[in-house]
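First the structure, in the form of structure tokens, and then the observations on it.
The values are calculated or read from the model by the stated rules, or taken from the named source; none is laboratory data. Worth saying up front: this structure is predicted, and the values here are computed from it rather than measured. Note that each Cβ is placed from the backbone with ideal geometry, even for glycine, and that neighbours are counted across all protein chains shown.
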Amino acid sequence: MKDFTFSILIANYNYANFVSEAIESCLTQNYPSELIEIIIVDDGSIDDSREVLSRFTEHKNVQIVFQENQGQITAFRTAFKHSSNELICLLDADDLFLPSKLKRINEFLNLYQDLPDEFLLCNDVKVEIVEEKKFLPQSWFRSNHLIHPEAEFRALSQIAHPYPFAVPCGQTYSRQLLKKVLEELRKHEIKSAFDDPMPHGGALLSGGVHYLYEELSVYRLHKHNHFLGLDNNSLKPKFKISDKLPILTSFLTQLAFNQEQIQYIDELTEVIQRT
């Protein structure tokens, strides 16, 4: 069995209360430490993040980069430039990896005899309500109707959904794919709305999404979340999804080069407009 090497990219902005736990969740993986690197980019935090991050500067697996505030996408791009491994896992500074995440991803990918050079893998995610110290009864995939037990890979024609992905803590990219997506985002000067253009671009360029139906990460829902809130025990976006559509479709249209990709953009547009 091949043992893949992993780069974990963490983008932090004013999450001093959370980032230490995020890093520790990476350092306590039950996977060989010599096959893991952790790159944290602090995007101009003005809280106590620098002091918290200083506790990890001597760890051989950890790199810490400080930059002026430039937005989440730029922070992940900076982290990617400092990375070197085959597989790239994303982690927001307020979320967590469960101890078996990298081990299970490695085992899952070894099931493929002909793994493509460019792929996006999403694993399922537990949702924690931090202030109430409890988890939602349903996982991210179940809450968003993304359980398709008959298929671990779904092509573009099969994933018409406003957001057919895990949140960043459940996304793993091949190095080749993420490099392409980040470069295209740079060209389009997209600095925010990270959760939409990145995985959509990855799916578009790689032809679909691989799904691992196991809860291997924790999305931590708290009062400072920018992306989601809670409404009657159900996840609810803190923004109108259709407001992001012009930027998203413009970006994806520039990437598209075949009819399947164009059809995906058309179907995605229709689905989001109905949301």
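On the given criteria, is Ser100 small (Gly, Ala, Ser) and more than 26 Å from Leu268 (Cβ to Cβ)?
Taking the combined requirement at face value, the residue satisfies it.
Does Gln176 meet the test of being on the phi < 0 side of the Ramachandran plot, without any contact (Cβ under 8 Å) to a residue 60 or more places away in the chain and touching an Asp or Glu at 6+ places or on another chain (Cβ under 6 Å)?
On the way: on the phi < 0 side of the Ramachandran plot: yes; without any contact (Cβ under 8 Å) to a residue 60 or more places away in the chain: yes; touching an Asp or Glu at 6+ places or on another chain (Cβ under 6 Å): yes.
So Gln176 fits the description; yes.
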With criteria (1) surrounded by fewer than 23 Cβ atoms within 10 Å (Cβ to Cβ); (2) over 24 Å from Phe18 (Cα atoms); (3) at pLDDT 95 or above; (4) not hydroxyl-bearing (Ser, Thr, Tyr), Gly202 comes up short on (1)
Quick check on my filter: what residues within the stretch 61-96 are charged (D, E, K, R), in contact with a strand residue (DSSP E or B) (Cβ under 7 Å, 6 or more places away or on another chain) and farther than 22 Å from Val181 by Cα? Asp94, Asp95
Restricting attention to the stretch 149-180, and to residues there that are at pLDDT below 95 and among the β-branched types (Val, Ile, Thr), which single residue is surrounded by the fewest Cβ atoms within 10 Å (Cβ to Cβ)? Ile159
Scan the stretch 4-23 and give yes if some residue there is assigned to a helix (DSSP H, G or I), crowded, with 20+ Cβ neighbours inside 10 Å and more than 18 Å from the chain's Cα centre (by Cα), otherwise no. no
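Looking at the stretch 128-143, which of the residues that are in a strand (DSSP E or B) and not hydrophobic (A, V, I, L, M, F, W, C) is surrounded by the most Cβ atoms within 10 Å (Cβ to Cβ)?
Taking the stretch 128-143 and keeping what is in a strand (DSSP E or B), we get 128-129, 134-135.
This time we only want the ones that are not hydrophobic (A, V, I, L, M, F, W, C), so: 128, 134.
Details: Glu128: 18, Lys134: 10.
This residue is Glu128.
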Checking Leu235 against (1) at pLDDT below 90; (2) in a helix (DSSP H, G or I), the condition it does not meet: (2)
Do any helices (runs of 4 or more DSSP H) lying entirely in the stretch 29-114 carry at least 1 residues that are under 16 Å from the mean Cα position of the chain (by Cα), and which ones are they? 72-81, 101-109
Under 8 Å by Cβ, and 6 or more places apart or on different chains, what pairs join a residue from the stretch 97-116 that is under 19 Å from Gln176 (Cα atoms) and at pLDDT below 90 with one that is buried (at least 19 other Cβ atoms within 10 Å of the Cβ) and among the small types (Gly, Ala, Ser)? none
Please work out which one of (1) more than 25 Å from Gln259 (Cα to Cα); (2) under 14 Å from the mean Cα position of the chain (by Cα); (3) not β-branched (Val, Ile, Thr) is the condition Leu136 fails and give its number. (2)
So Phe56 fits all but one of (1) under 17 Å from Ile36 (Cβ atoms); (2) surrounded by fewer than 21 Cβ atoms within 10 Å (Cβ to Cβ); (3) in contact with a Lys or Arg (Cβ under 8 Å, 6 or more places away or on another chain); what number is the exception? (3)
What number of residues in the stretch 26-51 are of a type in the set (A, V, I, L, M, F, W, C), surrounded by 20 or more Cβ atoms within 10 Å (Cβ to Cβ) and touching a Ser or Thr at 6+ places or on another chain (Cβ under 7 Å)? 2
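Looking at the stretch 259-275 only, could you name the residues that are among the polar types (S, T, N, Q) and surrounded by 15 or more Cβ atoms within 10 Å (Cβ to Cβ)?
Taking the stretch 259-275 first, the residues among the polar types (S, T, N, Q) are 259, 261, 263, 269, 273, 275.
Across the stretch 259-275, the qualifying residues are Gln261, Thr269.
If I filter the stretch 245-265 down to residues being in contact (Cβ under 8 Å) with a residue 40 or more places away in the chain and of a type in the set (Ser, Thr, Tyr), which single residue comes out as farthest from Glu183 (Cα to Cα)? Before the answer, list the steps.
Here is the first cut: in the stretch 245-265, the residues in contact (Cβ under 8 Å) with a residue 40 or more places away in the chain are 247-248, 250-252, 254-256, 260-261, 263-265.
From what is left, the residues that are of a type in the set (Ser, Thr, Tyr) are 250, 264.
Details: Ser250: 15, Tyr264: 21 Å.
Per the criteria, the residue is Tyr264.
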